[in-house]
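Here the structure comes first, spelled out in structure tokens, and everything after it is commentary.
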Amino acid sequence: QKDDKVWLELRPEDFNTPLFFSPKLSSGIGEQMFFGGLMLPSPRLVQFRRVHNQVQLIAINGQQVAKAGTPEARGVAAALSPSLLGSTAVASQPHPERKTVLIDAGAIFVSDLLGLGAALQRTYRQGYGFDGRNSAITAVRGKPDLLVIEASNHYATAAIAVPQPGSPPGAPLPTTPSGLPDARSLFLGLHYSLAKLPAVPMAPRPADARVGYFVSLADDFSDDLARSPRQRFVNRWRLEKKDPAAELSEPVKPITYWLDRDVPIKYREVLTAGVLEWNKAFEKIGFKNAIEVKQQPDDADFDTLDAGVASVRWMVNREPVFGAIGPSHVDPRSGEILDADIGMESLSSRNQRALRGYCAEDRDPR
């Protein structure tokens with residue numbers, strides 16, 4: 001990093017290698033699902049691709065597949081396109097020893113990579129657009145198997161649209177975010193994780209329509225005699241017994257949830273107990289202490305939004321929407337849950353107290 005520039009160093013083997021991409025909102029506007037701490041839907045697999053002197057970040061089309069190395073796989077590749085998320089020119093000569101090259105990270109990640117400007121336009125019927133001049137990368141953290149890039153994106157509109165007289169009944173009308181000092185300007189914090197995929201994909205488990213699961217979908221064109229190419233895999237954690245022969249065994253790697261440091265202290269104990277209650281269910285399928293809970297220290301050098309860090313977070317929203325929400329990001333090859341961030345709305349407890357108060361008033365004979 002130098003001044004306002006952040007450079008990514010890419011090795012030859014980093015190109016055309018699938019990576020797990022996990023984007024989140026680190027800060028929002030407290031309404032209309034623009035919530036700080038919310039996982040965002042996105043392409044799950046990406047790769048860097050070099051075309052002459054240009055480096056592209058490509059979203060891999062992973063829903064249509066065929067067995068690698070077969071004519072069917074070549075047919076799928078010819079029929080279906082990936083998507084371009086961003087691109088930039090190679091900014092250096094290859095390193096004389098490592099053969100690596102540098103690219104400008106801001107050219108890709110300081111952008112409306114996820115299309116949030118269009119989402120703001122649709123939501124409020126205003127002319128919000130991405131303002132690159134007032135947007136920037138704010139933090140970078142690198143590990144051997146994980147790269148985290150945090151950015152602050154500014155969205156703005158020159159003027160605020162207002163409802164026009166004579167609009168047809170039922171026509172969508174322009175509104176504005178109600179919690180901003182000036183509705184013409186807002187910032188969204190973006191948290192991007194790029195992580196290595198598991199070297200060996202987890203064995204997928206076919207979903208059964210009679211049982212409610214979140215699922216991953218894929219159309220496998222390897223066998224044209226199959227009734228349908230559509231495959232549905234259960235989204236689940238990878239749990240493996242330390243002692244496969246034991247009726248009850250601890251897992252090789254437990255499911256670990258971190259309580260974010262933004263969770264009020266008075267709720268941490270009961271949230272921990274709630275998460276650990278699930279261990280009773282896992283014991284019925286042979287796992288002891290399948291889930292553990294840890295508290296993120298105030299001085300932690302990681303964010304619970306980082307990929308691979310499952311968390312329970314506290315969301316301060318302007319109005320109650322969902323009470324609590326538990327999205328996850330999975331490996332589309334197998335349905336393995338690689339990241340999950342549970343959001344608890346701060347207004348939920350307040351609303352429950354208010355509801356009990358109203359009920360008490362109704363019972364009061366006075």
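The values are calculated or read from the model by the stated rules, or taken from the named source; none is laboratory data. Computed from a predicted model, the values in this text were never measured in an experiment. Cβ sites come from the backbone with ideal geometry, for glycine too, and all protein chains shown count toward neighbours. Remember, those area values only see protein heavy atoms, side chains included, never the ligands or the DNA or RNA. Shrake-Rupley method; radii C 1.70, N 1.55, O 1.52, S 1.80 Å.
State whether one or more residues within segment 302-316 are over 19 Å from the mean Cα position of the chain (by Cα) and small (Gly, Ala, Ser). Looking for residues that are over 19 Å from the mean Cα position of the chain (by Cα) and small (Gly, Ala, Ser), one finds none in segment 302-316, hence no.
Those residues that are farther than 25 Å from Ala324 by Cα and open to solvent by 50 Å² or more (accessible area, probe 1.4 Å), I need them from segment 274-288; list them, please. Those that are farther than 25 Å from Ala324 by Cα and open to solvent by 50 Å² or more (accessible area, probe 1.4 Å): Glu283, Lys284, Ile285, Lys288.
Sort out which residues of segment 315-339 are free of Cβ contacts under 8 Å to residues at least 60 places away in the same chain and either in contact with a helix residue (DSSP H, G or I) (Cβ under 8 Å, 6 or more places away or on another chain) or open to solvent by less than 20 Å² (accessible area, probe 1.4 Å) (or both), and write them in order of number. Pro320, Gly323, Ala324, listed by residue number. Number of residues in segment 54-81 that are within 29 Å of Leu116 (Cα to Cα) and not hydrophobic (A, V, I, L, M, F, W, C): the value is 7. Taking each residue of segment 106-122 that is closer than 26 Å to Ala89 by Cα and looking for partners that are β-branched (Val, Ile, Thr) and open to solvent by 20 Å² or more (accessible area, probe 1.4 Å) with beta-carbon atoms closer than 7 Å, six or more apart or interchain, yields Gly106/Ile137; Phe109/Ile137; Val110/Ile137. Taking the conditions (1) of a type outside the set (Ser, Thr, Tyr); (2) touching a strand residue (DSSP E or B) at 6+ places or on another chain (Cβ under 8 Å); (3) outside any loop (DSSP other than H, G, I, E, B) in turn, Lys266 satisfies each one other than (2).
Here segment 234-251 is the region considered, the condition is being assigned to a loop (DSSP other than H, G, I, E, B) and farther than 19 Å from Arg205 by Cα, and the residue that is most open to solvent (accessible area, probe 1.4 Å) is Glu247. A count restricted to segment 11-32 and to residues that are on the phi > 0 side of the Ramachandran plot and in contact with a strand residue (DSSP E or B) (Cβ under 9 Å, 6 or more places away or on another chain) stands at 2. Asp131 falls short on exactly one of the conditions (1) on the phi < 0 side of the Ramachandran plot; (2) out of contact with any His (no Cβ under 8 Å at 6 or more places or on another chain), and that condition is (2).
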